[in-house]
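S.K.: Quick one: this structure, given as structure tokens, is what I'll be asking you about.
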Amino acid sequence: MILLFLLFFLFSCAKFEEIVREEDLLQRPEAKRCSDCHREIFEEWKNSRHAKAWVSEHFKLESENYTKNKCLSCHAPHQVDPDKEPILRVEFKEDGVGCVACHFKEETKAMHGPLKVWSPPHPSKEDLSYIKSNFCAGCHQETFKQWQMVKTEKSCQDCHMPSLGKKDLIQKFPFHLFHLAKPRHSHEFPALRAKPEDLKLEIKENKLYITNVGVPHNLPTADQGDPKLYITVIFDTPEGQQTIRKLLSAQAKTALEYGKPLELDLPEKSEGIRVVIHRKLSHQEERELILDKTLR
């Protein structure tokens with residue numbers, strides 16, 4: 001009796017999948033199509049830099065109105081795979097790094113992700129490559145190399161896809177009824193700001209040492225664009241107040257490497273040494289304060 005019930009259930013599931021299968025989902029649709037079921041994830045992604053990767057005014061300028069071919073494929077990738085630089089896709093470039101680019105695989109004609117789920121509208125495959133840093137390496141090549149040198153157990157996703165706890169993956173009736181809440185991570189991909197405790201400040205023999213001890217890659221870092229770090233050191237001397245300014249840049253390769261101190265000379269008898277550090281991302285106009293600390 002139980003065997004008959006199981007056979008009936010499996011037959012019913014196959015029939016159900018056949019009835020509700022949405023074939024256009026396997027034809028590389030635009031990102032908005034995914035919001036029909038995954039509304040919350042879509043709204044997070046829409047607020048991300050990935051969503052603006054192709055249409056941002058900064059990228060238009062830097063790519064000379066999309067004429068620099070070297071820059072284009074990572075801003076509108078056809079398919080994102082671990083360790084591989086993607087090719088430029090033809091359709092829906094304005095979606096930037098969209099849902100389908102990361103989750104649909106041509107070789108399986110299925111959506112891939114880190115969770116095992118049953119999704120009748122389209123085939124789904126559990127794929128643990130999504131929780132490994134080399135998934136990001138095809139586009140973020142320089143940052144990935146810097147991260148490898150640190151040999152940290154933290155992955156890119158640990159920092160740039162922070163945990164949201166257990167949440168529903170699907171918001172569409174009736175498909176949400178087939179899923180329990182699962183561990184989910186943010187699709188806003190935040191470009192995090194270093195915290196004061198990420199920077200170690202020391203004074204030894206009239207030298208100021210600034211060391212990146214908390215960010216497991218260069219600070220700042222970028223494959224494209226040129227984020228900057230602005231260091232201002234203000235101090236008193238017998239001759240009066242003085243200031244040292246230092247500009248660090250990702251593209252000039254002067255960024256703070258993890259664990260490698262930046263050394264600044266101070267005059268003898270310096271007092272009231274105040275260190276102020278700001279950052280400016282490539283696409284931002286304003287600087288953001290990271291640290292403001294008086295040492296002695």
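The values are calculated or read from the model by the stated rules, or taken from the named source; none is laboratory data. Given the structure is predicted, the values throughout are model-derived calculations rather than measurements. Note: ideal-geometry Cβ built from the backbone for every residue, glycine included; neighbour counts use all protein chains shown. Quick note on the areas: whole protein, heavy atoms, side chains included, nothing else; ligands and nucleic acids left out. Shrake-Rupley method; radii C 1.70, N 1.55, O 1.52, S 1.80 Å.
S.K.: Any residue that is modelled with pLDDT of 95 or more and either more than 16 Å from Cys99 (Cα to Cα) or among the basic types (Lys, Arg) (or both) - is there at least one of those in the stretch 114-125?
M.R.: yes
S.K.: While we're on this one: Restricting the search to the stretch 218-229, which residues are open to solvent by 30 Å² or more (accessible area, probe 1.4 Å) and more than 19 Å from His58 (Cβ to Cβ)?
M.R.: Filtering the stretch 218-229 for residues open to solvent by 30 Å² or more (accessible area, probe 1.4 Å) gives 218, 221, 223-224, 226, 228.
Once the filter is applied, which keeps residues that are open to solvent by 30 Å² or more (accessible area, probe 1.4 Å) and more than 19 Å from His58 (Cβ to Cβ), the stretch 218-229 yields only Asn218.
S.K.: What number of residues within the stretch 209-232 satisfy the criterion of being outside any loop (DSSP other than H, G, I, E, B) and touching a Ser or Thr at 6+ places or on another chain (Cβ under 9 Å)? Walk me through how you get there before you give the answer.
M.R.: Kept after step one, since they are outside any loop (DSSP other than H, G, I, E, B), are these residues of the stretch 209-232: 209-212, 219, 228-232.
Cutting the leftovers down to touching a Ser or Thr at 6+ places or on another chain (Cβ under 9 Å) gives us 228-229, 232.
Residues that pass the stated criteria total 3.
S.K.: Let me ask you something else. Within the stretch 177-199, is there a residue that is open to solvent by 90 Å² or more (accessible area, probe 1.4 Å), at pLDDT below 95 and farther than 22 Å from Lys280 by Cα?
M.R.: Within the stretch 177-199, one or more residues are open to solvent by 90 Å² or more (accessible area, probe 1.4 Å), at pLDDT below 95 and farther than 22 Å from Lys280 by Cα.
S.K.: Out of the stretch 233-284, which residues are hydroxyl-bearing (Ser, Thr, Tyr), part of a strand (DSSP E or B) and touching a residue at least 12 places away in the same chain (Cβ under 8 Å)? Talk me through it step by step, then tell me what you get.
M.R.: Here is the first cut: in the stretch 233-284, the residues hydroxyl-bearing (Ser, Thr, Tyr) are 237, 243, 249, 254, 258, 270, 282.
In the following step, the residues that additionally are part of a strand (DSSP E or B) were identified as 237, 243, 249, 258.
Thr237, Ser249, Tyr258 - these are the residues of the stretch 233-284 that are hydroxyl-bearing (Ser, Thr, Tyr), part of a strand (DSSP E or B) and touching a residue at least 12 places away in the same chain (Cβ under 8 Å).
S.K.: Return the only residue of Tyr130, Tyr209, Tyr230 being at pLDDT 95 or above, of a type outside the set (Lys, Arg) and over 19 Å from Glu257 (Cβ atoms).
M.R.: Numbers: Tyr209 fails: over 19 Å from Glu257 (Cβ atoms); Tyr230 fails: over 19 Å from Glu257 (Cβ atoms).
From the options Tyr130, Tyr209, Tyr230, the qualifying one is Tyr130.
S.K.: Only residues in the stretch 195-206 that are more than 21 Å from His217 (Cα to Cα) count as the first member; pair them with residues that are outside any strand (DSSP E or B) and open to solvent by 50 Å² or more (accessible area, probe 1.4 Å), Cβ under 8 angstrom, at least 6 apart or cross-chain, and list the lot.
M.R.: Taking only residues 6 or more apart or on different chains, the pairs are Ile203/Leu295; Ile203/Arg296; Asn206/Glu268.
S.K.: Which residue out of Lys105, Lys109, Lys70 is open to solvent by 40 Å² or more (accessible area, probe 1.4 Å), out of contact with any helix residue (DSSP H, G or I) (no Cβ under 8 Å at 6 or more places or on another chain) and basic (Lys, Arg)?
M.R.: Details: Lys105 fails: open to solvent by 40 Å² or more (accessible area, probe 1.4 Å); Lys109 fails: out of contact with any helix residue (DSSP H, G or I) (no Cβ under 8 Å at 6 or more places or on another chain).
Answer to the selection: Lys70.
S.K.: Here's something else I'd like to know. Would you mention how many residues in the stretch 49-67 are open to solvent by 20 Å² or more (accessible area, probe 1.4 Å) and outside any loop (DSSP other than H, G, I, E, B)?
M.R.: 5
S.K.: What is the one condition in (1) of a type in the set (S, T, N, Q); (2) out of contact with any strand residue (DSSP E or B) (no Cβ under 8 Å at 6 or more places or on another chain); (3) open to solvent by 30 Å² or more (accessible area, probe 1.4 Å) that Gln146 does not satisfy?
M.R.: The single condition Gln146 does not satisfy is (2).
S.K.: For the stretch 138-145, does any single residue satisfy the condition of being touching a residue at least 12 places away in the same chain (Cβ under 8 Å), acidic (Asp, Glu) and under 30 Å from Val20 (Cα atoms)?
M.R.: The initial filter retains those residues of the stretch 138-145 that are touching a residue at least 12 places away in the same chain (Cβ under 8 Å), namely 138-144.
From what is left, the residues that are acidic (Asp, Glu) are 142.
Then keep just the ones that are under 30 Å from Val20 (Cα atoms); that gives none.
No, the stretch 138-145 contains no residue that is touching a residue at least 12 places away in the same chain (Cβ under 8 Å), acidic (Asp, Glu) and under 30 Å from Val20 (Cα atoms).
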